[in-house]
Amino acid sequence: MARLDLRKKLEILADAAKYDASCASSGSSKRNSVGGKGVGSTEGMGICHAYTPDGRCVSLLKILLTNFCIFDCAYCINRTSSNVPRARFSVQEVVDLTLNFYRRNYIEGLFLSSGIVKSSNHTMEEMVRVARSLREDHDFRGYIHLKLIPEADPALVEQAGLYADRLSANVELPRDEALERLAPQKDAGVIKQAMGRVRLKVEEAKGGRKDRARPPRFAPAGQSTQLIIGADGAPDAEILDRSASLYGGYGLRRVYYSAFSPIPDSSSALPPSKPPLMREHRLYQADWLMRFYGFSAPEIASASPDGMLDLAVDPKLAWALANRDRFPVDANVADREMLLRVPGLGVKSVNRMISVRRHRTLRLEDVQRLTRGIDKVRPFITTLDWTPGGLTDAIDLKARLAPARAPEQLSLF
Amino acid sequence: MRTVSLTSETDLAGWREAARGLLLAGVEPQGVRFRVGGQGGLFDALPPAHPGESRDPVLSEESGGGDWRSSEAPGAGAAKTLGPGVRRDERMEKVITVPRAFPDLAAEVALHRSEDRFDLLYRLLWRVQGERDLLKVVSDRDVADAMERAKNVSRASHKMKAFVRFRQTQDDAGDRWIAWFEPAHRVLEKTAPFFQRRFTTLRWTILTPDGTADWNGEALSFGPPATRDMAPQEDEVEEFWKTYYASTFNPARLKTRTMQGEMPKRYWANLPEASLIPELVARAEVREREMVAAPATPANPRLIRAVAPVVERAAQDAPPPETLEALERAVQGCRRCPLWRDATQGVCGRGPARADLMIVGEQPGDQEDLAGEPFVGPAGQVLNAAMSEAEVDRSHAFVTNAVKHFKHEPRGKRRIHQTPTTSEITACRWWLDAERAIVKPKLIVTLGATAAFGVLGRKVAVTKERGRPIALEDGSTALLTVHPSYLLRIPDKAAAAAERARFVEDLRAARELL
């Protein structure tokens, strides 16, 4: 096979990596290059260095070490039976690209994944070599996200955690049965066990009794995973249950939802169709409700009898419309928990309202200044000068509050 | 109307000095305007701090503002206040205090490109003298305005961290990295230390229309405004970066509005990758349609030959395994009840393949579920301590659970234990029976009601049948006691100690039965 030049390899291996939605570079330990030999810093907040026209942020150099793969997962562009062009980076090439991009301030660091070549252990070893070289040979202090090969030896996973800020193993399909069918070389149990080991190591590195020597740092930005949406038949309610279970079980920082997207040379096992982007968006909103707004997965699902989130309105509004007996709430006395359930009020808005109402009684105008839009809020609150009257229970309330334009995914063609 | 001239666009120190004087002089916000430039330096701009002193030349009067000197002359206007609620005697002591949040807010707002930023700050300064909690009333018009501007400044600083693009050059001392950047607000000095911390070992310069920041490897310095032509015009790595940018874009997910919201067009001129955007957008739909329409192709025979073996899934109707290793593998495929779905793994017993003593608990907990071993969590520690006190050697006992998967309910980042139902325990007896058949214990100590049910196959009141040997069908003996996690839940210390002693006593009785 002819040797590919580096730019062609980059083209192939960036294209092959882009179906992983994770791009976070936040939440790691704070550090910088002062006093070091190399470059790099992480200061808590992630930085998105560019945005592509798909609206996704470019924070890390997200590439595969190779897209050769001995696994034949139907949903994946890199599966054995796919006819995409193949390429393989050397460890040194990835290290050089990362540093060259980093010094020009293009990226926060590296997100390295890989197809499985030879064996899971061999592949994981190569990925660890990249991270080790960046950290030890170049004193690189930027962000590193390493994909875990769940089937690899736990000792390799431990090494990966010493160099990486974040580790992730993708659950990929919400239903284990679907994974068995579409990814016959994968085992959902093995993926969960790998995530379980990571959680134990992260906790060990963080906690530890004070009288003992602190264990070495281990993946200070924790772990995340990804679920592909729309490739198996799982309804949203089941996906949210799955997420709740993953957050609870493995202390995940994030569950990413990736609308199954047409890929070049896609498998006949999956119907080619447009990615359900609005569905993906609603799932992210529901995920937020679970993590920051005190909603449980079953509560969110209770608003949608068919188990699918309403595409026309956001899940909090859908819940409020289905639970109108709980509204309106008095913006001046309601507790934080209840205010968080008011459609249109974000965590920041609620915190500000609570702070302001210590000093003055809220009027509708005050609430308006503290939120992005008052229309969605108005039917669900009372203030000193406002009561929604019959609006809360109006039959056409949903129609009035749903955005007039069609969901984004329909507007493309 | 008076006008105060500040020496530079970000002359916060000048503003502060002037504002202090104005405030002490009782000049109301609507009577003063702050402007940048004009003659006179920072300190010339000071209005007299003491009423009646000679007037500062730079503090000019525009229209009808000439009354400030006379009105503030000693003895004049005894009831003058410096702002709502501030009495004259406080003014005379020249004590001006501001809420803790004010200096930081002012520092941010001062960097905003709006003309009236210093006027807004003076209005806020004036108002906080009387309304001490004003900054907490974030719905107030002025406060909301200031916070919005501070947010824009902070965002501009963040975008600068993101969108500065260095180009590599060489000089006598080696590599030098130079960027041309146009920040949305005047955030160069605020943001430069970030680059210093990030690129400490490089020598770099950031050129902007507001000024220049330079890090020579040892010191950060700031210079005069620069122009685009002072920056290098190319860098060979940019072609790689553009290749990456184009390849990481997914044409099936076009969302240009989101992109522009986060990467406003004002920054595009200095982003090498942005030149690709029009073509990427224009071609996206065609590329997507081609992908959807393309028929599936046959696999490459050379690659498919190397495909990894398919994972062997356990058959549901297989006979009970005859070794502990086989049993542990088979449990991972168990679908006899739904508990496998949210658990990490099935957790089998641990201990010698032949043991006289078997200890059966309820189910794995959070820690056991992750580690894949029984009794490694808090209840396991209680059990270990009690066993060693009763002089029962855990390494000689086979320790397992009646239910092999962890039943729980997720609550945020934690999992709350749930008691398994009788149907779940019954389903899992298949595995417990298989373990009993392999290990062949003489005595089985059951911990808690679930374990007793799993071993005896009937509902039992542990408190009634506790401590009394029960003959089992296979010739072995069962001894019932409580679960160690029960001991952890007793709030009263004395009661807990007594219960623990009884538990140790039960284990001692077990040892004597062997």
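Derivation of every value follows stated rules applied to the coordinates shown; laboratory data play no part. These figures come from a predicted structure and were not determined experimentally. Positions of Cβ are generated from backbone atoms using ideal geometry, with glycine treated the same way; all protein chains shown enter the neighbour counts.
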Rg over Rh [alpha-carbon atoms, Kirkwood Rh] for the range B:446-486:
0.94
Per 10 Å bin, what percent of the C-alpha pairs of the range B:324-513 does each bin hold, from zero upward?
10, 40, 38, 12, 1
For chain B, take the longest principal axis of its alpha carbons; what is the angle in degrees between that and the long axis of helix B:277-293, to the nearest 10 within 0 to 90?
30 degrees
With no solvent and one point per C-alpha, what does the Debye sum give as log10 I(q)/I(0) for chain A at q = 0.14 Å⁻¹?
-1.27
Shielding by other protein chains, A:41-49, mean Cβ within 10 Å
4
Simple spin-label estimate for B:ARG354/A:VAL347, 7 Å along Cα→Cβ, in nm, reads 5.9 nm
With no solvent term and unit scatterers on the alpha-carbon positions of chain B, Debye gives log₁₀ I(q)/I(0) at q = 0.06, 0.08, 0.10, 0.11 Å⁻¹ of -0.66, -0.81, -0.87, -0.92
Sorting check: for B:493-500, B:504-511, which peptide has the highest mean count of neighbouring beta carbons within 10 Å, and how do the rest follow?
B:504-511, B:493-500
May I ask you to derive the FRET efficiency for B:SER8 and B:ASP172 from their Cβ-Cβ distance with R0 = 35 Å, giving the value to the nearest 0.05?
0.60
Here the gain from full extension of B:LEU220 to B:LYS151, 0.36 nm per residue of separation minus their alpha-carbon distance, amounts to 22.3 nm
Tell me whether the range A:315-410 comes out rounded, prolate or oblate; compute the Cα gyration tensor, take square roots of the eigenvalues as a ≥ b ≥ c, and use a/c under 1.5 as the rounded threshold.
prolate
Per 10 Å bin, what percent of the C-alpha pairs of the range B:106-243 does each bin hold, from zero upward?
11, 34, 26, 16, 9, 3
Mean Cβ neighbour count within 10 Å, used as a protection proxy, ranking B:165-174, B:412-421, A:191-200 highest first
A:191-200, B:412-421, B:165-174
Starting from the coordinates of the alpha-carbon atoms of the range A:6-221, obtain the Kirkwood hydrodynamic radius over all distinct pairs and give the value in Å to one decimal.
17.8 Å
Once you measure Cβ to Cβ distances between cysteines in the protein assembly as shown, which Cys have no partner under 4.7 Å?
A:CYS23, A:CYS69, B:CYS334, B:CYS337, B:CYS348, B:CYS428
Wrap a convex hull around the Cα atoms of the range B:243-292, take a quarter of its surface area, and give that in square nanometres.
3.6 nm²
Going by average Cβ neighbours within 10 Å, how do the peptides A:152-161, A:383-392 rank, with the highest at the top?
A:152-161, A:383-392
Quick one: compute the contact order of chain B, relative version, from alpha carbon pairs under 8 angstrom and 6+ residues apart, as a percent.
8 percent
Could you tell me the distance between the Cα centroids of the range A:322-341 and the range A:46-121, to the nearest Å?
46 Å
Roughly how many nanometres apart are two label points built 7 Å out from the Cα toward the Cβ at A:ASP96 and A:LYS398?
5.9 nm
Degrees separating the helix A:6-15 axis from the principal Cα axis of chain A, which is the longest one:
40 degrees
The protein assembly as shown: percent of C-alpha pairs farther apart than 40 Å?
54 percent
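So if R0 is 56 Å, what FRET efficiency would B:GLU325 and A:ALA322 give, r being the distance between their Cβ atoms, rounded to the nearest 0.05?
Efficiency, from the Cβ-Cβ distance: 0.65.
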To the nearest 10 degrees, the tilt of helix B:141-163 (Cα long axis) against the first principal axis of the alpha carbons of chain B is 70 degrees
What does the average come to when, for each residue of peptide A:15-24, you count the partner chain Cβ atoms lying within 10 Å of its Cβ?
2
For chain A, calculate the relative contact order in percent as a whole number, restricting contacts to Cα pairs under 8 Å that are 6 or more residues apart.
12 percent
Let me confirm one metric for peptide B:298-307, namely the mean number of other chain beta-carbon atoms within 10 Å of its residues' beta-carbons.
5
At R0 = 30 Å, how high is the FRET efficiency between A:GLU365 and B:GLU115 if r is their beta carbon distance? Nearest 0.05 is fine.
0.70
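At 0.36 nm per residue, minus the direct Cα-Cα distance, what do B:ARG335 and B:LYS440 gain on full extension? Give it in nm, one decimal, please.
Here the answer is 35.2 nm.
Taking a quarter of the surface of the convex hull around the Cα atoms of the range B:164-230, what do you get in nm²?
4.3 nm²
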Expressed as a whole-number percentage, the relative contact order of the range A:315-410 with C-alpha contacts under 8 angstrom and at least six residues apart is 29 percent
Here is the link list: A:LYS62/A:LYS192; A:LYS201/B:LYS242; A:LYS206/A:LYS316; A:LYS118/A:LYS192; A:LYS201/B:LYS493; A:LYS274/B:LYS161. Which ones come out longer than 31 Å on Cα distance?
A:LYS201/B:LYS242; A:LYS206/A:LYS316; A:LYS201/B:LYS493; A:LYS274/B:LYS161
